[in-house]
Structures are given as C-alpha cells and as structure tokens.
Amino acid sequence: MSTTDELIWAYEKRLAELEARLERMEAGRTVAAGAPRRQTPQTGGGLRLGVDVGGTFTDLLLLDVKRGRTFTAKVLSTPSDSSIGVLNGIEKLCREAGVDPSDIAEVMHGTTVATNTVLTKSGALVGLVTTKGYRDTLQIARSYVPGGLGGWVIWNKAAPLAPLELTIEANERIDAKGNILVPLDEESLRRDLATLSKKGIQALTIALFNGYVSDVHERRISEIAAEVMPEIPVSTSHSVMPEMYEYERTETTVVNSYVRPVVSKYVANLQEELKARMGRVNLQILRSDGGLSSAQSAMDQPVNLLMSGPAGGVSGALWISKQAGFKNLLTFDMGGTSTDVALIENGVARTRRETRVADVTVRAPSIDVRTVGAGGGSIAYVPNLTKALRVGPQSAGADPGPAAYCKGGEQPTVTDANVVLGYLPSDAMLGGDMAIDRDLAAKVILKIADALGVDIETAAEGIIKIVNENMCGALRLVSIEQGYDPRDFALIGFGGAGPLHANALAKLINSWPAIIPPGPGVLCAYGDATTRLRNEASKTFVTRVSDTSDREIQEMLEALKSSAAEDLSNEGVTREEQEVIYQIDIRYRGQGMKLTIDITPEEFALNGVRGVASRFDHEHEQLFTFALDAEHELVALRAIVLGAEKPFLGKDYGTAGPDASSAIIHGTRMFADGAWREGNIYDRAKLKTGHKILGPAIVTEMDATSLVLPGHVGVIDKFGNILIWPADHQNAR
C-alpha cells in the first residue's frame, strides 16, 4: 500500500468513527422543552461547498471530502442581488462536475452583503434608546481629528446611522458595578416607543450607559419593544458588544441594527433557495475574524460579517501555509476591484478589535486586512492637469468590465495592460468559458500611449508598474509599519489577478518565495470551505495587575469559555472537539490605547498575568520602538472557542524531474523590462511535483493565470503550489 493510500485509508477510517460517534450522540440526545435544537452538520454525500462573492466574480469550490476531489467554478457576480450569482455558480458547478445538488451537505459562504449595505448607505432606518442624558452620544462621538484639515473633517463628518430625531431616552441608570441607581420608568418608555414606531423605523437599538456591566434594563426594554413593535428587530448593546466605552458600544450596536434587516433577508432567502435545490443543507457564514458562524447567528449579529469577504482569502492562505510548512506569510488577494493584504505570523493571522468600513468604525473582531483600490478592473487615466499616469481606485467592475472581456468596456484597465503585454494570453479562458480579445485591449491602452507620447507596450508596462507600487504600499502597512521585516515572510498571491502580479511584488518587497497555490482564483472559497466555527465571549475588567491574581483571572476566563462554548455545542461541536484561545486587553496604567494579547489556557496556567504583561511589553516595543517601566492595567478579558478543523486530503500531484516540457501548451511572446521576450505557456493540470518552470513563463488554469518573470524559476512542491524564486536562489537550483 502506498503512502497516499495509507493516508486516505486512515482518513476514511477516522471519518467513519466520527460519523458513528455523531449518530450515537444524536440517538442519545434529549432536547429540553424550549431549548435551542442542535443543528448537527449533515454528512450526506460528503460534499462541502465554499462560496466567495467578490466585486467582479463569484468563486465556488466543491470538496469531495471522502474521495479527496475538488471541483471549481467561477461566474460573474450579480451586484444587484449576489444570491443570483451564487445560485448560478452552484448550477454551473454541479452541471460540470456531474454532481447532484442534493449530495451537498454543507455550504460555507463568504459574503459582502453587510459591507455593501454600509458602503451604499442602503441599510435600515434605525431607532435608538439610550439612558436619559445620553441622547447625543453618537453626535458627540470622539474628538480625534485626522490630519491638517481638521475643521473640514469636523464640518463634513458623516451623519450617524441612528439620527437624533429617532433617538429616545429611557429614564434609568445603572452604576459601574451593575447596581440600579434609577429604576426603569416603563410607563413613559412605552409611550416613547409607540411614538417612535409611528416614524417608520425598521430596526431598534438599545444601548444604555453602563449596559456592558448589567443587561437587566436592556433586556426589559427589549421585552417592552417586542410588545409595542413586534415586527421590528431589536439589538441590545450587551448582547452585541458587552464592553465599556459607550460611544463605541452604541455605534457598533447601531451598525448591527442598520445591516440586520438586509443581511437577514439575504441569508434567509439564500437558505430557502438552497433547501429547494439541495434539500437539507447546513449553511454557515464566514465572519470577519476568519471563523464560521451559523446562519442564525449571522442574521442576529451581522456586524461580525463586515469583513467576511476578505477574511476568506486569509483563511485559505492559512490552510495552504499549514500544508506547505510556511508559518510566516504576507497574503496578497487581488481581485477585479480591489486588493486585500494581511500578515500571518507563526501560522496565525493578525487580528484587530476594530473594523472600519467607509466612515463607520465598529468594535468587532476582524482579520487585520488592508485594502487598496487596485484590481484587474482598475482604470488607468492621464489627467489633463498633470499629464502623469494614474491607476485606480476607479474600477470597471463586472459590468462592463475591461475592454478585453468583450462586454462593451471602453476604459483602459490593468487587465487590458496585462493582455497587451502578453501576460494574459488571448487564448486563455476566464472562468473556463470567457474569451479575451487582445485587439480590444490594445485599442483602449492606445489612449494612454497617445496621452503620454509613448508606444503601446511602454504605456501598458507603466500601468502595471504603478499598480504594483500601489499594492506594495499596502503590504508595507501590514509588515514594516507593524514592526515586521518582509524579508522574513513568504508572499502568497491569489485571487483572479494575484498570480499575475505576485512575482513582481515579491521582487519589490523582497519576500520569497512567491507562492501560487492550486486554484488561486478560488482560494477565498477554499478558505470558506476549510475554516472552523468560531464564537467568543468577553467581559470588561479594568484593574491594575498588582490588584488581581492569576486565580481570579483564571476563574473569569473559564466562565467566559463556558459561555462561548455553549453556542458551539448547540451547533453540534462537542467539547472534546473545541479549541480555546484567551485574549487579554492590557495597557500601561494611565494610557488610553491598549493591545490585545493572545494566550492559550496552558500558557496562562504556566505564566499567569505576569506573562501577559511581559508579552505586552515586547509587542509594545515592536510597534512603537519602546516599552515603559510602568504599572500594567487590564482592560478586558475574552475567550474564543473554535470548532473542530475540517479535514481534507488534497490531490496527489505525482513526482517528476525538473523538466516540465510535457506541460508546455505552446510558445509565446511577453513584454518585460522594456523588450519582447520568448517564453512558454504551461498547462497547470499537467505540472507535477519537482517540475521547474523557467521564466519568462505563463501558467494557465481555469480560474487564474500565473506569471513567472525573466530571471526567476517556479518550483512545484508536493502540494501543487508554484514556489517562485530568483533564478540564483539556492532553492531554485
């Protein structure tokens, strides 16, 4: 028996054991009256679907878990209703793979619905209930003014999502320890809520002063609101963000209310459509922090989905990094409209406690993804005033798209420049069935060439160099400006356009190797399909380190762990399958800002709070170049619980020598470094472990096209990744 057969046999044996255990658990389970019924993941035909919706394309990946097979599809997104693109993609994927949709047991979905709702200001009309005297919390906001145009920023500040005329005050007060100082005046509240309901609100937020300590009044107001306006969804600050700072807590809860009706309608409709096509199916939505949530949790707290789309790519990169053995990665996800970059250190993606979309900032966990308006559809132009070439952030999007797509596009884009330079061959097929027209691309790039007074190739190469520098700036934000040396990291390029630019970016920032994973155009869908359920519970606890003890902190963290674990248990994840990470927000006493330190339960048991303080000093010095000899202060505690990993045995790529000539489709010409050069186009499906691709070269597959520049070599590893190195690097020899 070969090593691969042994792995498959062991995996299928383990899967059978888990299925049997799951059946025994289900048979012996009794559900208490009124208790939430567990939504046990279905095993069905062993098929798991990942779906990622981008600005231009919707990517789908179907994993046949039992047989180790994958099927991919790429269709145009439908901005007016992204579920149409999702359903179109599922239909195409099942048709091409010869799969019955009813065999799909799980659908993991990364969505931009919440993000687009904020960006387009198309959310609900939100009413707000605050404590008496705090009606203008959102209007006062924070006093921080960025840059030298402070007056302009103040006078042009965006209006709050819950307007003042839709804000009412509850006569109540709870102190910082949770004691009731002023009982809730229910009679006046009922009158005010009745008046508010007549103003046409579509969602209600309840955010009381000190509501993070005790939710007794918020819960009661929610109950009264359910009686007065039963059709209106209610969000309470204690359930959405039980942490101090009333402005951040109020804004976060208001944003949750603002996007909730839109997201709930989308998820509910998608669930119904999926059930109609597939029967019983377990739909899970990707969160901003890279974890999965149930469909119901996504509908209840959509504020956690604001960065769902970009998180999918980082989750996919994490999956690749674990396989290939690269613990430190810079991720580079270039799509049709924008580019998202992030940093992975020691196999863990950096996260932040704040999420910002447009002019809205919420306290919700998200992967630290930085976005720049540079994508395949970014429009190139030459302003009349400066006569200097510019690229983006305007984009041709999916409709009409780049001129080369033959859909009526008339603006020169990055994709058109790649076509003119020969990097994206005209005989390549986007999504497997979309033709590319070089003549149309050349026609629009000629506009730039004429405006600059240069030949068409120089103009196209200039467009590529500028967009590469724009994306390189984003990579510096997550590496150099965070105290990391990019030379200590590999660069993984994915998305529909990422593999075309990964080699050039690695060269600019000196991060090697440049990794092109299998199915790079659908890696976000890989991330959706392979990531884990995630939930968290938090508590504000402000105290000096010297005034607390390891035992006290341990007891609070364990209580938070139990709270977060309960929701995952209700989703069918046993306690034995769950993994726990603690987070502690800490700062120097007297300091306004804080840092979040991740620590495992085992590490905390070993090193305690003092170990957390030491880690804080180290990270503070890395970020700001200094650490203080000052007293430390805890701010908040948090427990994050992760579900079981979703195993998947990938394809066996075989082995071969360095000669990859058997995978050559035909020769081609590419323009690089100011001259036309001869190279080859390779079929990625024919590449095997050990093959070496000498640049200049192009590697084509259904969902993306990869570029190996002159003076570089692409090496195929045992997981099918293309590892691009400088030709003189020892790993390229």
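Counting just the residues of the range 268-282 that are touching a residue at least 40 places away in the same chain (Cβ under 8 Å) and assigned to a helix (DSSP H, G or I), which one comes out farthest from Val107 (Cα to Cα)? My answer is Asn269.
Assess whether Tyr423 counts as being closer than 22 Å to Ile664 by Cα, outside any helix (DSSP H, G or I), in contact (Cβ under 8 Å) with a residue 40 or more places away in the chain and not polar (S, T, N, Q). Here the answer is yes, as Tyr423 does meet what is asked. Taking the numbered list (1) open to solvent by less than 30 Å² (accessible area, probe 1.4 Å); (2) in a helix (DSSP H, G or I); (3) touching a strand residue (DSSP E or B) at 6+ places or on another chain (Cβ under 9 Å) in turn, Arg219 passes all entries but (1). No other residue among Glu576, Glu571 is of a type in the set (Asp, Glu) and either surrounded by 21 or more Cβ atoms within 10 Å (Cβ to Cβ) or closer than 30 Å to Met702 by Cα (or both) apart from Glu571. One residue stands out in the range 383-420 among those that are polar (S, T, N, Q), open to solvent by 70 Å² or more (accessible area, probe 1.4 Å) and out of contact with any strand residue (DSSP E or B) (no Cβ under 6 Å at 6 or more places or on another chain): the one that is farthest from Ala451 (Cα to Cα), namely Thr386. Of all residues in the range 630-653, those satisfying the criterion of being open to solvent by 50 Å² or more (accessible area, probe 1.4 Å) and either part of a helix (DSSP H, G or I) or farther than 30 Å from Ser293 by Cβ (or both) are Glu631, Asp652.
Can you confirm whether Asp528 is within 26 Å of the chain's Cα centre (by Cα), farther than 29 Å from Asp416 by Cβ and open to solvent by less than 10 Å² (accessible area, probe 1.4 Å)? Here the answer is yes, as Asp528 does meet what is asked. Taking the condition at pLDDT 95 or above, on the phi < 0 side of the Ramachandran plot and not in a loop (DSSP other than H, G, I, E, B), does Ser239 pass? For Ser239, the condition - at pLDDT 95 or above, on the phi < 0 side of the Ramachandran plot and not in a loop (DSSP other than H, G, I, E, B) - is not met. Could you look through the range 344-382, keep only residues that are charged (D, E, K, R) and either part of a strand (DSSP E or B) or in contact with a Pro (Cβ under 7 Å, 6 or more places away or on another chain) (or both), and pick out the one that is surrounded by the most Cβ atoms within 10 Å (Cβ to Cβ)? It comes out as Arg353.
Any chance the range 476-497 includes a residue that's in a helix (DSSP H, G or I), out of contact with any Cys (no Cβ under 9 Å at 6 or more places or on another chain) and among the small types (Gly, Ala, Ser)? No.
Can you list residue pairs whose Cβ atoms sit under 9 Å apart, with the first residue in the range 153-171 being within 25 Å of Val182 (Cα to Cα) and of a type in the set (D, E, K, R) and the second being assigned to a helix (DSSP H, G or I) and modelled with pLDDT of 90 or more? Count only pairs 6 or more apart in sequence or on different chains. Close Cβ pairs satisfying both conditions: Glu169/Asp192. Just one of (1) open to solvent by 30 Å² or more (accessible area, probe 1.4 Å); (2) more than 19 Å from His501 (Cα to Cα); (3) within 33 Å of the chain's Cα centre (by Cα) fails for His620. It is (1).
The values are calculated or read from the model by the stated rules, or taken from the named source; none is laboratory data. All figures in this text were calculated on a predicted structure; none of them were measured in a lab. Methodologically, a virtual Cβ is constructed for each residue, glycine included, from the backbone with ideal geometry; neighbour enumeration extends over all protein chains shown. When the accessible area is computed, the model is the full protein with side chains, heavy atoms only, and any ligands, DNA or RNA have been set aside. Shrake-Rupley method; radii C 1.70, N 1.55, O 1.52, S 1.80 Å.
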